[in-house]
Each structure stands twice: as C-alpha cells, then as structure tokens.
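Below: the structure, in structure tokens.
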Amino acid sequence: MAETIATCAGSSGGSQPPRDPHRVPSSCESGSETQKTKRKGRGSAKGNNIMLAVAKDGKIKVQFDSARKTWKAVGPKASWWSSAIGIHTRDCCDPFYDKWDDVPACQKAMIRHRMLDWFECDNDKLFDEVLIRDARESYNDWKSDLSVYFKNKGGMQAKRPINVRSDEQWQKCCERFNSTKFKEISSKNLQNREASDDKSGHGRKSYAQYMHEKDDPETGEQYSALENWKDQRLTRSGEWRTKEAHEKYTQMSEEYQTQLGQTGSSSSINEIDIMHRNLRRYRGRQSGVGPTLSKGASRRVEDGATSTFQDHRDVQISELKANQELMQANQELMLRALQQFIPGFQLPSHSSANDVPSTSSA
C-alpha cells in the first residue's frame with residue numbers, strides 16, 4: 001500500500017490545516033472497499049470455447065428450425081452458431097460498406113470457409129443460405145454498434161474500438177459516419193424506430209430458440225407462437241411493456257378464439273397467418289416469429305440449386321484475373337499516350353511467372 005498512500009498527501013497549503021501524519025486518509029483506507037473499481041467491459045469474442053470443443057469432439061452439428069420455417073439455429077449450440085457468425089464476420093469483412101451486397105465476394109467466402117471448419121449440416125444448400133442471411137444481419141448489427149460508439153466517443157476524435165482490426169478501417173468508418181448521406185439515412189431510421197410501438201424483450205436469443213426450448217420433447221407439440229409473442233412483451237413482474245402490445249395481443253386472441261369456435265380444433269388454426277394480419281410486416285421476416293429465408297433462397301434449398309457462395313480460392317482467382325485485366329488495359333492506354341511523344345516506345349515485357357493460376361486441376 002506504500003505507493004497508494006504516497007499519492008494521498010495531506011494539505012499542501014491554503015486555509016486547510018495539514019492532516020494528522022499518523023492517520024492514513026480515508027480515501028486510501030481499504031481501497032478495495034472504499035474505492036469503486038471500474039468494471040472491465042466485455043472484450044471482443046474470440047470463440048476459444050468453440051475451438052476447444054471442435055478440437056475435442058470434431059465439428060459441431062448445427063440444427064436449424066425447420067418446424068416453423070424460420071431456419072434459425074436452435075438447440076444447445078445455437079448461441080455458438082451466432083457467436084461464430086459474429087466473430088468471422090468481424091475478422092473477414094471491412095465494416096465501412098453501406099450495404100452487405102457491397103462487401104467483396106472473397107470476404108464473404110472466407111466467412112463460409114471458416115464456419116465450415118467449426119460446423120456441419122446435413123443440407124449444404126440450407127447451410128449456405130442461412131449463413132448468408134445471418135452474416136448479413138451480423139454485419140449490419142456490427143456497423144450499427146460502431147455508429148453508436150462513434151457518436152458516444154467523440155465523433156472523428158474517437159479511438160479505434162477493439163472490434164475494428166486497423167486504424168485504416170476505423171478512419172474509413174469515421175468518414176462514412178460523418179458523411180451527409182449517412183446522417184440522413186440514420187435520421188430516417190431513428191424516426192422509424194421511435195414510431196414503432198413494438199418493444200420486445202427477447203434479447204440476444206431468437207424467437208425460434210425460445211419456442212424450441214418450450215416445445216414438448218415427448219409429444220413433439222410446438223409451443224404457441226401467439227403465447228411466445230406475448231411472453232416477450234411482458235416484464236418479469238408480468239406487466240405489459242406497452243399498452244399497444246396488450247391491445248394487439250387481445251385482438252389476435254379474439255381472432256384465435258373465433259376460429260377455434262368455428263373449427264373446433266386448434267390444430268387447424270394457423271397462428272402465423274393471424275399474426276400476419278394483425279402485426280406490422282417486414283421483408284424477410286415472419287410476423288411475430290422472426291427472420292426466415294427469402295422465397296428465392298427457400299426455392300434454392302428445395303430444388304438443390306448450386307450454392308450462392310463461391311469457393312474461396314475461385315473468388316480470389318477471379319479477382320486476380322479482373323485486376324490483371326484492368327492493369328493491362330491501363331498499360332495499353334499509357335503506352336498509346338507515350339507513343340504519341342516517343343514513336344516506337346514499348347513497355348517492358350512481364351514474366352510469365354506472374355500469370356494468374358488457372359482454376360482447372362492439373
């Protein structure tokens with residue numbers, strides 16, 4: 001404690017008398033009890049537990065929600081799938097693109113390559129389509145978190161956060177966040193969020209996982225989607241989070257009871273259709289249930305179409321060829337310009353060792 005006491009000297013002058021030299025100042029007594037220790041924040045996830053599990057037992061078999069067609073990862077290892085998606089998205093992608101579609105194909109292919117090192121699935125096409133959807137969602141969440149960090153930490157003066165790999169990346173992020181275009185889009189998105197009266201409390205766990213955990217394992221009976229929607233809008237004390245949510249649930253329950261009186265059987269009632277009619281619709285989501293695959297992706301899975309992911313090496317080779325063609329075109333333009341001033345001028349020839357490798361096997 002000698003170092004700590006030395007920093008707490010008595011009065012150095014002024015109207016206050018010096019402190020008793022035999023008494024340790026109260027601010028230095030039992031530092032662990034009187035001084036508040038700043039809580040260390042969560043670091044960036046690294047997936048060490050997943051890698052250990054794979055090293056011990058092999059690749060992780062992932063289960064997707066086929067019962068409700070959300071195709072979200074469910075089961076004991078669902079959180080590992082979500083964590084791995086986030087880890088590899090942050091490791092492989094640059095966070096300064098406006099849209100997921102703008103992210104280079106080689107970066108997306110690297111995510112798939114790494115996910116296949118950790119997970120396996122019986123349906124390769126389904127694996128790829130779910131991976132595309134979840135990686136897009138993770139990428140957008142990452143950019144949103146960085147935007148909040150940028151605003152809260154001083155704007156252009158903000159230090160690089162731990163989940164951004166380089167200063168160059170962060171500089172481009174800051175330039176994007178500071179652009180007029182981004183500010184206009186951000187303002188519109190904020191207005192849309194504030195206008196929404198739907199306050200769900202499901203946290204990081206997906207609706208599909210909540211319902212999967214409540215399904216009856218013996219009979220296979222699925223948990224009510226309507227009741228799950230209600231569960232996520234109640235506080236721990238059983239109070240509704242918003243009056244609007246209570247009114248929506250009452251409205252949907254009345255429609256359910258009406259259909260039950262007409263059919264006499266709950267098995268013939270489609271709760272998803274009821275929620276579609278009463279809740280706000282979002283593209284790529286089942287109302288009240290959560291994200292699902294697009295119609296096009298669903299058809300590709302059912303038809304066994306070729307994966308929308310390209311092999312990582314093929315992507316790299318394609319990009320190398322494209323770059324080589326661009327360099328060659330630029331050289332030809334430069335050569336023609338120089339030949340106007342130096343007739344007969346020729347650029348040095350390139351060695352064939354620099355040629356791009358072929359995709360065909362030897």
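The values are calculated or read from the model by the stated rules, or taken from the named source; none is laboratory data. Just so you know, these numbers come straight off a predicted model, no measurement behind them. As a convention, Cβ positions derive from the backbone with ideal geometry for all residues, glycine included, and neighbour counts pool all protein chains shown.
Within region 343-362, being surrounded by fewer than 10 Cβ atoms within 10 Å (Cβ to Cβ) and modelled with pLDDT of 75 or more holds for Pro343, Gly344, Gln346.
Within region 199-232, the only residue that satisfies the criterion of being at pLDDT below 80 and on the phi > 0 side of the Ramachandran plot is Gly203. With respect to the conditions (1) in contact (Cβ under 8 Å) with a residue 60 or more places away in the chain; (2) in contact with a helix residue (DSSP H, G or I) (Cβ under 7 Å, 6 or more places away or on another chain); (3) of a type outside the set (Val, Ile, Thr), Arg165 lacks only one, and its number is (2). Number of residues in region 257-306 that are of a type in the set (Ser, Thr, Tyr) and within 21 Å of Glu247 (Cβ to Cβ) equals 3.
This table checks each residue for (1) β-branched (Val, Ile, Thr); (2) farther than 15 Å from Asp91 by Cα; (3) within 19 Å of the chain's Cα centre (by Cα).
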site: Ser138; (1), (2), (3): no, no, yes
site: Asp141; (1), (2), (3): no, no, yes
site: Ser147; (1), (2), (3): no, yes, yes
site: Asn152; (1), (2), (3): no, yes, no
site: Gly155; (1), (2), (3): no, yes, no
site: Pro161; (1), (2), (3): no, no, yes
site: Glu168; (1), (2), (3): no, no, no
site: Cys174; (1), (2), (3): no, yes, no
site: Ile185; (1), (2), (3): yes, yes, no
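Residues in region 80-104 that are free of Cβ contacts under 8 Å to residues at least 24 places away in the same chain and assigned to a helix (DSSP H, G or I) were compared, and the one that is farthest from Glu120 (Cα to Cα) is Asp102.
Residues in region 193-212: is at least one touching a residue at least 60 places away in the same chain (Cβ under 8 Å) and over 27 Å from Lys72 (Cα atoms)? No, region 193-212 contains no residue that is touching a residue at least 60 places away in the same chain (Cβ under 8 Å) and over 27 Å from Lys72 (Cα atoms). Residue count for region 228-250, restricted to those that are aromatic (Phe, Trp, Tyr) and outside any helix (DSSP H, G or I): 1. Within region 128-147, is even one residue in the same structural domain as Ala73 (by TED's automatic domain parsing), free of Cβ contacts under 8 Å to residues at least 60 places away in the same chain and part of a loop (DSSP other than H, G, I, E, B)? Taking every residue of region 128-147 in turn, none turns out to be in the same structural domain as Ala73 (by TED's automatic domain parsing), free of Cβ contacts under 8 Å to residues at least 60 places away in the same chain and part of a loop (DSSP other than H, G, I, E, B).
Scanning region 257-269 for residues that are part of a loop (DSSP other than H, G, I, E, B) and in contact with a helix residue (DSSP H, G or I) (Cβ under 9 Å, 6 or more places away or on another chain) yields one hit, Ile269. Within region 129-159, the set of residues being of a type in the set (D, E, K, R) and touching a Cys at 6+ places or on another chain (Cβ under 9 Å) comprises just one member, Lys143. Residues that are assigned to a helix (DSSP H, G or I) and in contact with a Pro (Cβ under 8 Å, 6 or more places away or on another chain) within region 163-180 comprise Gln169, Trp170, Cys173, listed in sequence order. A count restricted to region 153-162 and to residues that are without any contact (Cβ under 8 Å) to a residue 12 or more places away in the chain and assigned to a loop (DSSP other than H, G, I, E, B) stands at 4.
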